[in-house]
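The values are calculated or read from the model by the stated rules, or taken from the named source; none is laboratory data. Note that the structure is predicted; figures quoted are calculated from it, not measured. A quick note on method: Cβ atoms are made from the backbone with ideal geometry, for glycine too, and the neighbour counts reach across all protein chains shown. Just so you know, the surface numbers come from the protein's heavy atoms only, side chains and all, with ligands and any DNA or RNA stripped out. Shrake-Rupley method; radii C 1.70, N 1.55, O 1.52, S 1.80 Å.
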Amino acid sequence: MVNFSLEGKVALVTGGAYGIGFAIAEAFAQAGAKIAFNCRSQKHLDEALADYKAKGIDAKGYICDVTDEEAVKALVAQIEKELGVIDILVNNAGIIKRIPMCDMTVDEFRQVIDIDLNAPFIVSKAVIPGMIKKGHGKIINVCSMMSELGRETVSAYAAAKGGLKMLTRNIASEYGEYNIQCNGIGPGYIATPQTAPLRERQADGSRHPFDAFIISKTPAARWGTPEDLMGPAVFLASDASDFVNGHVLYVDGGILAYIGKQPK
Ligand code: NAP
Ligand code: GCO
């Protein structure tokens, strides 16, 4: 029997207050996992705890900036005390800054790299020793179309997500012998707060040009939803994927396979 169950597993989803992280955590809970999540804002934490409760999920939420190594170590220790050693880590927390590269300051570039690439290193480094002791572990890094493609204004984000793809492969290479699988999940264009600016209706009520562009570039002819990621994430977190390692599973409606629809 293929085992997609996460019964009794402890999962940490960074940035799991809303958006993609919340949906992944919800899916894990449905599969039986105990949920821990973190974010930086008390307001987001309080709202998220209410949202999890409304779905019947007894999630544990923590304020922790994933770029702060000492805070991350303390977070992992707290989770181990309250829920147990972490079996599943999803490095989901992330930001984007859409600025033309030559207008972007070095600090702005560094901030994106810090959250989107350095932090997955920091959090993975904090949880791997526990996984080794336990004899198994799953690490899922939330990559992106920008792990494969570039576009205007997202230089820092693409550099970070490209690096995250290779960090994924390196963790898989270095820790596979400890029965730790590290894979990426690569969402396409998903309707969350992070992409809201790309979907805003124009003053005349028409679609945002980028919105229309993504529809033309996606065979599914729609934006993805966080719910589209739930099944793939459970697969990567479950025993069913124990021989999948160093892979990035793209959940993009076919964008990476498609040249795009000819404009009318
Ligand atoms: P989102 O709606 O902006 O949510 C981001 C989450 O991360 C929030 O909970 C945020 O909470 C948290 N966060 C941000 N910086 C943090 C930090 N330094 N420490 C701790 N928590 C932090 O983003 P999303 O669209 O759900 O995206 C989630 C992940 O998927 C990101 O890695 C993103 O790059 C990736 N992704 C998104 C898409 C898409 O189309 N939406 C596609 C591909 C990949 P606080 O602000 O309260 O900290
Ligand atoms: C953008 C978008 C994308 C998505 C996602 C695509 O500005 O192009 O924000 O980067 O967030 O990463 O997979």
| field | Near pairs, Cβ below 7 angstrom, 6+ apart or cross-chain, from the range 152-171 (more than 14 Å from ligand 1 (Cβ to nearest atom)) to any residue that is part of a helix (DSSP H, G or I) | value | 155/101; 171/124
| Counted residues, the range 20-61 - those being on the phi < 0 side of the Ramachandran plot, over 13 Å from the mean Cα position of the chain (by Cα), open to solvent by 20 Å² or more (accessible area, probe 1.4 Å) and not aliphatic (A, V, I, L, M) | 16
| Residues of the range 165-186 satisfying the condition of being in contact with a Ser or Thr (Cβ under 7 Å, 6 or more places away or on another chain), among the aliphatic types (A, V, I, L, M) and in a strand (DSSP E or B) | none
| request: Quick one: which residue in 256, 249 is in a helix (DSSP H, G or I) and in contact with a strand residue (DSSP E or B) (Cβ under 6 Å, 6 or more places away or on another chain)? | output: 256
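Conditions tested, residue by residue: (1) within 11 Å of ligand 1 (Cβ to nearest atom); (2) open to solvent by less than 30 Å² (accessible area, probe 1.4 Å); (3) under 20 Å from the mean Cα position of the chain (by Cα); (4) under 30 Å from residue 136 (Cβ atoms).
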residue: 183; (1), (2), (3), (4): no, yes, yes, yes
residue: 187; (1), (2), (3), (4): yes, yes, yes, yes
residue: 194; (1), (2), (3), (4): yes, no, yes, no
residue: 198; (1), (2), (3), (4): yes, yes, yes, no
residue: 231; (1), (2), (3), (4): no, no, yes, yes
residue: 252; (1), (2), (3), (4): yes, yes, yes, yes
residue: 257; (1), (2), (3), (4): no, no, no, no
| field | Filter result for residue 212 (away from ligand 2 (no atom under 12 Å from the Cβ), open to solvent by 40 Å² or more (accessible area, probe 1.4 Å) and part of a helix (DSSP H, G or I)) | value | yes
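Here's the yes/no breakdown for (1) exposed (fewer than 15 other Cβ atoms within 10 Å of the Cβ); (2) within 25 Å of residue 183 (Cα to Cα); (3) within 16 Å of ligand 2 (Cβ to nearest atom):
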| site | (1), (2), (3) |
| --- | --- |
| 79 | no, yes, no |
| 86 | no, yes, no |
| 89 | no, yes, no |
| 100 | yes, no, yes |
| 107 | yes, no, no |
| 111 | no, yes, yes |
| 116 | no, yes, yes |
| 120 | no, yes, yes |
| task | Starting from the range 197-210, keep only residues that are free of Cβ contacts under 8 Å to residues at least 60 places away in the same chain, then list their pairs with residues that are open to solvent by 50 Å² or more (accessible area, probe 1.4 Å) and not in a loop (DSSP other than H, G, I, E, B) whose Cβ atoms are within a distance under 6 Å, requiring at least 6 positions of separation or different chains. | result | none
| remark: Scanning the range 2-23 residue by residue, the ones that are in a strand (DSSP E or B), of a type in the set (Val, Ile, Thr) and touching an Asp or Glu at 6+ places or on another chain (Cβ under 9 Å) total 1
| message | Given the condition away from ligand 1 (no atom under 13 Å from the Cβ) and at positive phi, answer yes or no: does some residue in the range 3-19 qualify? | response | yes
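Residue by residue, here is whether (1) aliphatic (A, V, I, L, M); (2) under 16 Å from the mean Cα position of the chain (by Cα); (3) under 21 Å from residue 18 (Cα atoms) holds:
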{"residue": "65", "(1), (2), (3)": "no, yes, yes"}
{"residue": "70", "(1), (2), (3)": "no, no, no"}
{"residue": "94", "(1), (2), (3)": "no, yes, yes"}
{"residue": "101", "(1), (2), (3)": "yes, no, no"}
{"residue": "107", "(1), (2), (3)": "no, no, no"}
{"residue": "122", "(1), (2), (3)": "yes, yes, no"}
| task | Can you work out which of the residues in the range 129-151 that are under 23 Å from residue 227 (Cα atoms) and not hydrophobic (A, V, I, L, M, F, W, C) is nearest to ligand 1 (Cβ to nearest atom)? | result | 144
